[in-house]
Amino acid sequence: MVTSTAGRPRLDPMLMLIDGSPRAARSGRTYASTDPYTGQPWAQVPDADASDVDDAVAAARAALDGPWGKLTATQRGKLLHRLGEIIEREASWLAELETRDNGKLLREMAGQMAGLPEWYYYFAGLADKVQGSVIPSDKPNFLVYTRNEPVGVVAAIVPWNSPLLLLTWKLAPALAAGCTVVVKPSDYTPVSTLAFARLVGEAGVPPGVVNVVTGSGPAVGQALVAHPGVDKIAFTGSTQVGKLIAHAAADNLTRVTLELGGKSAQVVFADADLDAAANGVIAGVFAATGQTCMAGSRVVVHEDVKDALVERVVSRARTIKIGNPMDPGTEMGPMATDKQYATVLSHFDSARSDGATIACGGRPVEGLGGWFVEPTVLVDTTPAMRAVREEIFGPVVAVAAFGTEEEAIALANGTEFGLAGSVWTKDVHRAHRVAAALRAGTVWINAYRVVGPHVPFGGFGASGIGRENGAEAIREYTETKSVWVELTGTTRDPFTLG
């Protein structure tokens, strides 16, 4: 339960949520969640195992077959709306928890949490608008129609970079569709999800509809994706892990939505507003410390304006204030995990050895206590370089020049990923032409890193399968049933001739 002290919500000891009740792991084990700013443990959470997963899936199935499954779509929508109102009330508290757990700026997390209720309001409105259709039949004695029914029990597996936002992209449409959910947050950032789980019951959602299990290492996630009682997996994370999940899901023919990695290109033409484009690059890769799947981590810029754009980006990158993410003046916080910190440092080394020029950054930040790296701009890059091919998931941008529109498109599409991209130009014809040519699930024109509950989001190729957000998302959580109704009552014995 969430309680308050002097008007501020207070977090009781960390427990999972299974069948509506706070619960420790069956084993009694716990593990520590670490504050990336200090590098020190700050919370203890349950370290579950497969037996806890069994309990959570059973609770979700019972709720689906019980009280939740008996609600009308309109009733579900009202509960979702109420949950959105409660999140709005607790937004500041949830933002502080996320900042402590993943090191992102408090002002960024505050903005995310303040906007989070809009997803619940949007899908609350969609809940009773998932309609079937009447199909004209070639057989006059039949009425044929379709029903869109909940897919069943959903496993929602959430990454560490924006836990509650990316959980919401799964949870809101799943609940609107009538599914029940077992949530597995990242073992690096479980705290805000455990806190959020306590709000679900307050909204009137029946026990077992939303369950949360936590665990250190891959065991809990592996047990969940392989569980025969799970009907659908919704995962956000790396392409490597997404492939493993797809393989595990195949054994049970479990449906999947996979929102995976990216190596998104920002294509800047010679006629672009370079100040706006520089701001887009800064927002696309240095905001959130580059820890976002949609990071615009490749800049593909026309050779005539390359130096001018790089000068603007480097000049701003060198002034970015790095420090305590709780400080309103801080502009970039730490890497969220020690593992990711090491990964980014390894890319600095490989960029140098591959022959890239580091125009700024390329080093760790010393003296701050946590996992900090400098905002980094790489120039003189080629498509074969590791820093250009691989998703870094850190504040590192690689710059390449082009001469023609065809070269720009080839460079932008020269990746296995296809999550996002942008086009910077004042030529409206070129803007739409190039946006159509980019193989990416989202393309921004003269903007970057804008999302909303009403707009589908997802990727091509190695960036995933399926879509989150928008009206399309709710379809990801339904099955289509066709119903044939004989209208005359004259069905005869099929073995009688004549």
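The values are calculated or read from the model by the stated rules, or taken from the named source; none is laboratory data. This structure is a prediction, so every number in the text was calculated from the model and none was measured. Backbone-built Cβ (ideal geometry, glycine too); neighbour counts: all protein chains shown. Protein only, heavy atoms only, side chains kept; ligands, DNA and RNA dropped before computing areas. Shrake-Rupley method; radii C 1.70, N 1.55, O 1.52, S 1.80 Å.
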Reference-scaled alpha-carbon Rg (2.2 N^0.38 Å with N residues) for the range 247-369
1.28
Report the gain in length on full extension from THR404 to ALA219: 0.36 nm times residue separation, minus Cα-Cα distance, nm rounded to one decimal.
61.6 nm
Rounding to the nearest 20 debye, state how big the charge dipole of the chain is about its Cα centre with +1 on each Lys and Arg Cβ and -1 on each Asp and Glu Cβ.
700
What lysines sit close enough to LYS306 to cross-link, taking a C-alpha to C-alpha distance under 19 Å and skipping anything fewer than 8 places away on the same chain?
LYS426
Percent of accessible area on the chain owned by carbon and sulfur, 1.4 Å probe?
54
Can you pull out the trypsin sites (Lys or Arg not before Pro) in the range 265-328 whose DSSP state is coil and whose Cβ has at most 10 other Cβ atoms within 10 Å?
LYS321
Cα convex hull of the chain: mean projected area in nm², to one decimal?
27.7
Using amide H atoms built 1.01 Å from N in the peptide plane, name the residues 5+ places from TYR31, or on other chains, whose amide H lies under 5 Å from its own.
VAL45, ASP47
What number does the range 363-430 give for Rg over Rh if you use C-alpha atoms and the Kirkwood radius?
1.06
Sorted by chain and then number, the residues having a modelled amide H within less than 5 Å of the amide H of ALA272, at least 5 places away or on another chain, are LYS426
Mind checking the per residue accessible area of the chain for me, 1.4 Å probe, whole number of Å²?
41
Taking Cα atoms of the range 389-498, Rg/Rh with Kirkwood Rh, to two decimals?
1.32
With +1 on each Lys and Arg Cβ and -1 on each Asp and Glu Cβ, how big is the dipole of the range 225-382 about its Cα centre, in debye rounded to the nearest 20?
420
Cα-based Kirkwood hydrodynamic radius, the range 186-298, one decimal, Å:
17.2
³J(HN,Hα), Karplus 6.51/-1.76/1.60, whole Hz, each residue of the range 285-291, x for Gly, Pro:
10, 9, 4, 6, 6, x, 8
Heavy atoms of the protein only, probe of 1.4 Å, neighbouring chains included. What is the accessible area of TYR188 in Å², nearest 10?
90
Amide H of GLY323: which non-local residues (sequence gap of 5 or more, or other chain) have their own amide H closer than 5 Å, using H built in the peptide plane?
GLU331, MET332
In deg cm²/dmol and to the nearest 500, what is the mean residue ellipticity at 222 nm of the chain if only DSSP H runs of at least 4 residues count, each as -39500 (n - 2.57), divided by the residue total?
-11500 deg cm²/dmol
Taking R0 as 51 Å and r as the Cβ-Cβ distance between ARG439 and LEU487, the FRET efficiency 1/(1 + (r/R0)^6), rounded to the nearest 0.05, comes to 0.60
